[in-house]
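The values are calculated or read from the model by the stated rules, or taken from the named source; none is laboratory data. This one's a predicted model, so the numbers in the text were calculated from it and none came from an experiment. Note that each Cβ is placed from the backbone with ideal geometry, even for glycine, and that neighbours are counted across all protein chains shown.
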Amino acid sequence: MNFLRKKVLNVKTIQLMPNVIIVFLLQKLLFVLNQLNYKMNLECKKHLPFPKAMCNMCMPSAAIINSQPYRHVDYAEFMGSKEISRFIDIWVSKSFSEQRFGWLYGYYAEDPNYKGGVRAIIETIYEPPQKGYIQGFELLEDPFDGKIDQLAEFLGLERIGW
């Protein structure tokens, strides 16, 4: 804990209880996390409105994502190229200005390329009713909720991702 006090707080000696320091650090971390903003500035006046144009000033900051220590699967394989192409084509046709969501259905298999490896084989995508926005999407009421999972189970598939 002394190392934590010196390194993080940049203080040589501090006589606080360890839980006070932890609460302080968590408050500072939450403050920093609240300051992060990965939204596009749609009010930029330096060019035509998005999606016709964008500049470095209106694009969101880059995010660096570390690999997770535990991997759920080692390899994802898409079997239905038409479904994937249709999913991507709709997104591209809207100039990437509308986020889309889809449930991935398939199954898991052993991956021979990795010891104890797992391969996700995706057979299809189900897109529930949704409203897409530039910053995300909203799922709407799905009249087929539950029925899609039953059909997938009948076909030997399961919901394996999104």
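Quick look at the numbers
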quantity: Failed item, numbered, when S61 is tested on (1) buried (at least 16 other Cβ atoms within 10 Å of the Cβ); (2) in contact with a Leu (Cβ under 9 Å, 6 or more places away or on another chain); (3) part of a loop (DSSP other than H, G, I, E, B); (4) not basic (K, R); calculated: (1)
quantity: Yes/no for Y105 being at pLDDT 80 or above and either outside the structural domain of G132 (by TED's automatic domain parsing) or of a type in the set (F, W, Y) (or both); calculated: yes
quantity: The one condition in (1) more than 30 Å from M54 (Cβ to Cβ); (2) part of a strand (DSSP E or B) that K131 fails to fulfil; calculated: (1)
quantity: Yes/no for D142 being acidic (D, E), assigned to a loop (DSSP other than H, G, I, E, B), more than 30 Å from N41 (Cβ to Cβ) and modelled with pLDDT of 90 or more; calculated: yes
